[in-house]
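The values are calculated or read from the model by the stated rules, or taken from the named source; none is laboratory data. Keep in mind that this is a model prediction, so the values were computed, not measured. Note that we place each Cβ from the backbone using ideal geometry, even for glycine, and neighbour counts take in every protein chain shown.
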């Protein structure tokens, strides 16, 4: 059961308060926004809430994390996602991502032909996320069993992403695989004069000939 | 059925795409945010989606708009909300609001002792919202039938709110009721030097002796 925030209006009915509670669990949605969303929902056609409710159940029933790469995907008999099953993709190259959403962003580029491994987060000891909380053991097992030749570490360039990359890099030392990470530097459309020193320093280190 | 946005990743499973579609219908939630919310939901415990789904159905079953004031409230046998049924409140004073959320904001002040009437929006002919689309006829009927002595127009001080206030004011001319509107001026915590000219002009007009 979701806790009902104390700052909610006492005039609200219990079912409305309850639904607001569920929305406040979502990232970036505070009690005020949740209230606005719920009142917007109540102005929709009757069938809309039925369908929304059904979609929430269906996403749970029909979607699961892939048993091989751990990305969220439509459930099939083997419980292996379509990317892992795709024989046209290079299974000797593994790209390590934090979340399924990161994977989707890379897929959108259409430039990557290898397979993936989703860790389910990054190591963050302050928040109680240790290597054992992630799918790191499964990843290292895959590297050995699937005779992976190249690993691309595609974690966010922030404190926990860097820590996780270093941890994995250390673990992969004796595995005889090429390990690389995504290039760092200026994003497209950036303005050099507004770039922070670290980004600019990375752009300088990662300079390439035209 | 909710339309599925074309910019969604083709790698997403159908049930995920469908649920994202429902979230994008909500105000202020674009496809990117919806994707993030859905992936956050999928990381919750199994029972969470069940309960969320149930709450969506329940809010529809147990909540309805009050037959008298048209605010959303918990359904009871009479289909009249607890504020309208409250005999301790002054039923000769009616505060006209655009939405139930406006009503809740005023209730939070604890300063208002009268009753309410929710219009369900404001007149906006450009968007096809005419007086007939709102509960204005019901409101005027109430003013006469319930022998209302005072009407407080508490609509937003924007173009459509002002237009609606003027429309109602005109309609109430011959009803022998005192008509007022919420005071306009500086909000608490405002800085005079950053206030816009219209707000400052209203604050000057509405000045009160200490």
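State the number of residues belonging to the range B:152-204 that are without any contact (Cβ under 8 Å) to a residue 12 or more places away in the chain, over 21 Å from residue B:125 (Cβ atoms) and in a helix (DSSP H, G or I).
Residues that pass the stated criteria total 9.
For the range A:20-32, which residues satisfy the criterion of being at the interface with another protein chain (Cβ under 7 Å from one of its Cβ atoms) and in a helix (DSSP H, G or I)?
Hit for the range A:20-32 is A:22, nothing else.
For residue B:153, all conditions in the list (1) out of contact with any strand residue (DSSP E or B) (no Cβ under 8 Å at 6 or more places or on another chain); (2) crowded, with 16+ Cβ neighbours inside 10 Å; (3) closer than 23 Å to residue B:107 by Cα; (4) at pLDDT below 95 hold save one; what is the number of the exception?
Residue B:153 satisfies every listed condition except (1).
Check every one of the helices (runs of 4 or more DSSP H) wholly within the range A:35-142 and list those with 3 or more residues that are surrounded by fewer than 17 Cβ atoms within 10 Å (Cβ to Cβ). Lay out the reasoning, then the answer.
Numbers: elements: A:46-62, A:82-85, A:100-109.
Once the helices (runs of 4 or more DSSP H) in the range A:35-142 are filtered for at least 3 residues that are surrounded by fewer than 17 Cβ atoms within 10 Å (Cβ to Cβ), what remains is A:46-62, A:100-109.
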